[in-house]
Amino acid sequence: MIYRRRPTPLHATRASVGIVWCAALGLVVLVSDHPIVLVGALAAVVGAGVAAGVGHELRRAARFAVPLALLVALINPLAVRDGLTVIARLGEVPVLGQLDITLEATAYGGVLALRAVVIVLVGALYTAAVDPDEVLRIFRRAGFRSALTAALATRMVPVLTRDGARLADAQRCRPPGAGQPRARRVAIVRAVAAGALDRAVDVAATLEVRGYGGARRGAAARRPWSRHDLAFAASAVALTALAVIGALTGAIAFDAYPALKLESGAAAWAVAAAIPMVALLPFADRRGVGG
């Protein structure tokens, strides 16, 4: 997954605000177990991805997140013995002992699965919409050389991925017979690794010529806050407030054990509806996002 600058309000926002905004979305998911709230957070993340033009990246992340979520939903009722409502008795299982499937463990497995999907999509949104170079510049004073190493790593991984994909395409295009056996995967890995080493030497020489790693560094230019910075910062504060206040007041309470207890009043629905509204509101102003 590669960051590309796009003409959207989130891409026009400074990296520090983008980090805080994505963290606020993640906080909503981590603070609440309420299924309605998690669905609201999922709607917010998907809507933000579409508005930021990174829907394709979110779909790719979902290919990993959905199988992981299904695995979590399957394992939780098998591993957790809590809950009063037994819906299946599987008898004696070696190592695990008496295995009873409860409604509560099954329901909470579904909640954990939904939470996993949203968390992965939030991470994908952050990766695709927040400039990694600007993120590293934020932490450059804490460790300039470490930031430079991380910058090189984040830039080289996508390049090596594309190199490997091109080599795999070339391998698939070769005929399987006529004295031209297909190359093994080891050959592709060897070729990619050799290309990575050559590329690393060239990059290191280029950086040395340009003076990277020196003791003196110029002061960073101060960038005034834009309307998009203020809008996403306010959205992050509002999302955090919704999550914290909802959790403290019990408006979004959900208890799976020992028996299911779900708060489904107007307050829970209001919080769930407010989350995507607050998260997507900064995307309404598209002035000054660039071309």
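Just so it is clear, none of the values below were taken in a lab; they were calculated from the coordinates. Keep in mind that this is a model prediction, so the values were computed, not measured. Cβ sites come from the backbone with ideal geometry, for glycine too, and all protein chains shown count toward neighbours.
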**Fill in**
Once both label points are put 7 Å beyond Cα along the C-beta direction, the residue 99-residue 270 separation in nm becomes 4.6
**Item:** Protection proxy ranking of 127-138, 13-24, 261-272 - average other beta-carbon atoms within 10 Å, highest first
**Value:** 13-24, 127-138, 261-272
**Asked** Measuring from label point to label point, each 7 Å out along Cα→Cβ, what is the residue 223 to residue 260 span in nm?
**Response** 4.7
